[in-house]
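Comments concern the structure below.
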């Protein structure tokens, strides 16, 4: 976590101090048991204090904040039990007096009164702990010590924006359950999320000079409706266990009331979702709804879901430049599990890309800048999340915070709406499988000619209801088995959309994972195009199919030439002679042959570092569809057919187990010698025999006199074989 800014330390202390005073005042009345409203107000005060402690959690001393949170939570719980019983008793007494005087209901009333008396003891203990024993005295001291800081309005508003974004995200988690009247638990949890967002806005309301009051009021209305729905659900559950005509009548009454409230709730949520929340987001950004952005009608590169993958982004932007793109639209989720997050943001900023914020962007902001103690994530995700947020400095967070939820662009007179998910939801994925009816609904809601989305990682170009939906797929993290980066070039003037897939230097991504000690398992998703996540798939290789695929790949990149075929033949002669000595299986021969066929395809990206490029192009090819482990082996052999060989900084070998890593080195050592023997691409070297004599590898050529340069090159590249076996290599 980042150190808290002094700019809102004083604000935090004043807020917490005021709420502690309010709680203590109400608790004194609650302990006297004279007025049930004291209990109600005490519970509200404790909830507000708890919300403030959560909002400013990263400001609080690490050695004390958990104790403070636990203490206040205990008070809230005891007061909540008492308040719930007060409400139930009050309602039941009114119902009995006005509608039905029944023995079963009198028995229930007596039971509730008994529980309420018992609950008062818990309330009294809470009051004693807080007031008489001074459980939160240290919190008061911290507040007093923090009042010496000077307020920074900008820092406070920044904190407000982060808190509001996190609260809105939490609330929208329940959007999918709104249309399900049976989702009782989720509706109750939605009430809690609404309440938390409301409390967050109340904390910062004064900073916005009353500008948040309309949104607080609307959220209070939603909270009240959901609260009464929950009360009905509690009554229904309770009365289902009680026999008697009165209990059955009351149960029916509560079910009918719940149905009425549910209708009100769905209408209210539609209004809040489509009107209140967008206006609230603009308000906490201190004034701003995003104006329509003008843009030329030249070719536009549309990208999304980069997820921190800089090599993929750079490859896409290079390809887009070559296609004549004059602008870049980014549909969100710029940060993610790939370890180049600061560089990705710098590149997008430098390009002047028009960007919106994505769900993952918001989530990482919440973890980085506050509220993280309330985020429950699986342990498997916790490690990578911590690594991501460590990469996000102040500049990166400021950029993410500046991003709107949606942007409206004027492109040659066309209204273009850019959102991350869908025009009406933060979670919905607009996909090829989305129904025509749903697309029509989204088109009506968007009120745009073109709707650009991301989120699904699956490309889409479809027209419905006079609106065109474009999803460029994912630049940085694929899900369809094709590892290449996906993006779109849109030609607005011509009305043409071209979906593009671009290979990128995967080795740079994998090596960066290694450099930063991020989990190599994460790389498997990138290497496999999303097919493998945390597992290493092995399988049998069909020799005919594998070699055919290798030849097709070599032809695709213009390198199924005489040199390639000669190196292949030399490699196989070495393999046949040395496989037993190197503990290689017959199936490994196919892997070596495949690697020899594609070892030079990296020249398609230029001669410098073409061995690394060969690795990338092999891994990027979905047509070269060997099982992932064997594909990595072949690609790694290509990587090491020249240069110094494997290094500790290389991440590709971490994707393999020890046995397969050793296999790569053995097979690469043979390919290196074979490649050296045809250094001049003249097919001059022909092997007559391969023997191990007195601890040396002796390679006899048919006519060594015509290939002295090749022999020298082969000996220079034999270092890997010598390091592996301890043998010197002699060629003559």
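FRET efficiency for the pair residue 696 and residue 562, taken as 1/(1 + (r/R0)^6) with r the Cβ-Cβ distance and R0 = 30 Å, rounds to 0.45. Ordering 518-531, 53-66, 299-312 by mean Cβ neighbour count within 10 Å, with the highest value first, yields 299-312, 518-531, 53-66. Residues of segment 661-695 with the amide nitrogen closer than 12 Å to a label point 7 Å from the Cα of residue 728, along Cα-to-Cβ, please. Those under the cut-off are 694-695.
For the chain, relative contact order (Cα pairs under 8 Å, six or more residues apart, normalised by length) works out to 9 percent.
The angle between the Cα long axis of helix 543-556 and the main principal axis of the chain comes to about 90°, on a 0 to 90 degree scale. The slack in the chain from residue 267 to residue 382, taken as 0.36 nm per residue of separation less the alpha-carbon distance, amounts to 37.7 nm.
Can you give the FRET efficiency for residue 113 and residue 144, using 1/(1 + (r/R0)^6), R0 = 56 Å, r = Cβ-Cβ distance, to the nearest 0.05?
0.85
Sorting the segments 13-19, 273-279 by their residues' average number of neighbouring beta-carbon atoms within 10 angstrom, most packed first, yields 13-19, 273-279.
Taking each residue as 0.36 nm, the span from residue 351 to residue 441 lengthens on full extension beyond its C-alpha to C-alpha distance by 29.0 nm. Site pair residue 552 and residue 498 shows an inter-label distance of 2.4 nm when each label is modelled 7 Å from Cα along Cα→Cβ. At full extension, residue 221 and residue 622 could sit 139.0 nm farther apart than now, given 0.36 nm per residue minus the alpha carbon distance. The distance between label points at residue 155 and residue 706 comes to 8.0 nm (points 7 Å beyond Cα on the Cα→Cβ vector). When mean projected area of the Cα convex hull in nm² is calculated directly from the model, which label among [x] 39.9; [y] 47.9; [z] 33.7 fits? Recomputing mean projected area of the Cα convex hull in nm² here picks out [x]. Residue 689 versus residue 604, label points 7 Å from Cα toward the beta carbon: distance in nm? Taking the two extended label points, one gets 4.2 nm. Against the chain, whose longest principal axis comes from its Cα atoms, helix 359-369 is set at around 70 degrees. Take each peptide in 468-481, 445-458, 712-725, count the other Cβ atoms within 10 Å of every residue, and average; sorted highest first, the result is 468-481, 445-458, 712-725. For residue 124 and residue 402, a Förster radius of 51 Å and the Cβ-Cβ distance give a FRET efficiency of 0.50, rounded to the nearest 0.05. A straight line joining the Cα centroids of segment 96-125 and segment 199-251 runs 21 Å. Kindly work out what percent of the DSSP beta bridges joining two residues of the chain are antiparallel, to the nearest 5. Of all bridge pairs located within the chain, approximately 60 percent are antiparallel. To the nearest ten degrees, helix 341-351 and the longest principal axis of the Cα atoms of the chain are 90 degrees apart.
Taken together, the values in this text are just the output of simple stated rules run on the coordinates, not laboratory data. This one's a predicted model, so the numbers in the text were calculated from it and none came from an experiment. Note that we place each Cβ from the backbone using ideal geometry, even for glycine, and neighbour counts take in every protein chain shown.
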